[in-house]
Ligand SMILES: Cc1ncc(COP(=O)(O)O)c(C=O)c1O
């Protein structure tokens, strides 16, 4: 068998979809990044940017990136951080992060995905046991796949199943030689629900484990100071390793890990994806530093985002749509039906100038799908009203598929 023959047998589910729905993938939105952009020449209200705080196109961050680009080029420093890939601005941003997150130390990473997998790998070895939420982000799952010690998944957000798995794990775990690590997302990107961090923190009193939280969707958005899920739920002390990307609320590239100083010092020399891959480019660092400044100066952005989210979600619920138990700007509008029905509904919305994308199996259960709508600081009253009007019309056309009684497993 050669490679092509092998791949013919391995057509992925996504590939199967992509052969049919050519206008639903690899799309390009044109125009200034914001709540209205053009798709195929027509203006749409955009509901699929994770630009929670409206920072993706802030003129001051653009200026900051342009300034260092003009001086050093677009991808400076030209090496890995550990060798000559450092700069005073990288260190300044780390200082800002550690005061914001209120942890002893923080380390920048070049891309969330590769870094977070690699951090899980760096922190564990074959003597350790990982217990992880089955819906954790793919980068964490990949980190778990790299792990050659024992690993247990627990049912999504089920504290009782987590406890069962901790009991199972404890039977074979040798605390003299290794650790137990629990891995969760702080806020789940499809359902918009928080992890039950309070209850998980309680379990820490009984079971000795390290808690690793990927808070990419809550960082900057939740908590009185934007420190994310644990601050919002009042259990910051329980988190041992905190990671987040800058690609959501901070509208940029890269990310960071924060923890006790000794942990970060170790990670600086041990995360393979960071010591064998280029540093975060200076324009990204300069832009994020500027974003941090605006973030600190304009805390009202978070409040306004949450007000707009409430207005939008209340409107959808009033229309009788089922949006699950979201607790955040991530709004999954559930469709009770196969992907073909979902595509029809999505196209109807597009006809009305409302733009998002469809999430289907294997991310959600078979014969269901959801349209993931993300509110941002930039959405206007008019955007929200027009969108609700569009959903009303589509619901009237597809009353069964969009019935609020749909109980769809995410
Ligand atoms: C929960 C979570 N973790 C990690 C990542 C990866 O971040 P990045 O885009 O910086 O690679 C994402 C991005 O989609 C995410 O949603």
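Tabulated data
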quantity: Protection-proxy order for peptides 182-191, 38-47, each taking the mean of Cβ atoms within 10 Å per residue, highest first; calculated: 182-191, 38-47
quantity: Surface/4 estimate of mean projected area, convex hull on alpha-carbon atoms of the chain, nm²; calculated: 21.7
quantity: Förster radius 51 Å - calculated FRET efficiency between residue 268 and residue 396 (Cβ-Cβ, nearest 0.05); calculated: 0.35
quantity: Relative contact order %, segment 59-297, counting alpha carbon pairs below 8 Å whose residues are six or more apart; calculated: 31
quantity: GNM result for the chain, Cα springs below 10 Å: residue of 64, 115, 365 fluctuating most strongly; calculated: 365
quantity: Segment 59-297 - share of DSSP beta bridges that are antiparallel (%, nearest 5); calculated: 40
quantity: Potential extension, residue 276-residue 146 segment - 0.36 nm per residue separation minus Cα distance; calculated: 45.1 nm
quantity: Once the Cα gyration tensor of segment 159-314 is diagonalised, semi-axes √(5λ) in Å; calculated: 29, 23, 12
quantity: Inter-label distance for residue 357 and residue 389, nm, one decimal - labels placed 7 Å from Cα along Cα-to-Cβ; calculated: 2.8
quantity: Counting DSSP beta bridges with both ends in the chain, the antiparallel % (nearest 5); calculated: 55
quantity: For peptides 91-100, 192-201, 211-220, 339-348, sequence by mean Cβ density within 10 Å, most packed first; calculated: 211-220, 192-201, 339-348, 91-100
quantity: Along principal axes, Cα extents of segment 59-297, largest first, whole Å; calculated: 58, 36, 29
quantity: Inter-site label distance for residue 174 and residue 348 at 7 Å from Cα along Cβ, in nm; calculated: 6.1
quantity: Relative contact order (%) - criterion: Cα under 8 Å, at least six apart; region: segment 191-235; calculated: 33
quantity: Ranked by how many other beta carbons lie within 10 Å on average, peptides 77-88, 159-170 from highest; calculated: 159-170, 77-88
quantity: Cα gyration tensor shape of segment 285-369, rounded if a/c is under 1.5, else prolate or oblate by comparing a/b with b/c; calculated: prolate
quantity: For segment 267-398: relative contact order, % (alpha-carbon pairs under 8 angstrom, 6 or more apart); calculated: 24
quantity: The chain, helix-only ellipticity at 222 nm - DSSP H runs n ≥ 4, -39,500 (n - 2.57), divided by all residues, nearest 500; calculated: -12500 deg cm²/dmol
quantity: Inter-part distance where segment 95-141 and segment 5-63 are each reduced to a Cα centre, Å; calculated: 27
quantity: Extension gain from residue 125 to residue 159, taking 0.36 nm per residue of separation minus the Cα-Cα distance; calculated: 9.7 nm
quantity: Two-site label geometry, residue 23 and residue 91: point separation in nm, points 7 Å out along Cα→Cβ; calculated: 5.4
quantity: Cut-off 19 Å, label 7 Å out along Cα→Cβ of residue 317, residues of segment 341-376 by amide N; calculated: 371-376
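Read-outs: derived from the displayed coordinates by stated rules, not from any lab. Just so you know, these numbers come straight off a predicted model, no measurement behind them. So basically every Cβ, Gly included, is an ideal-geometry build from the backbone, and we count neighbours across all protein chains shown.
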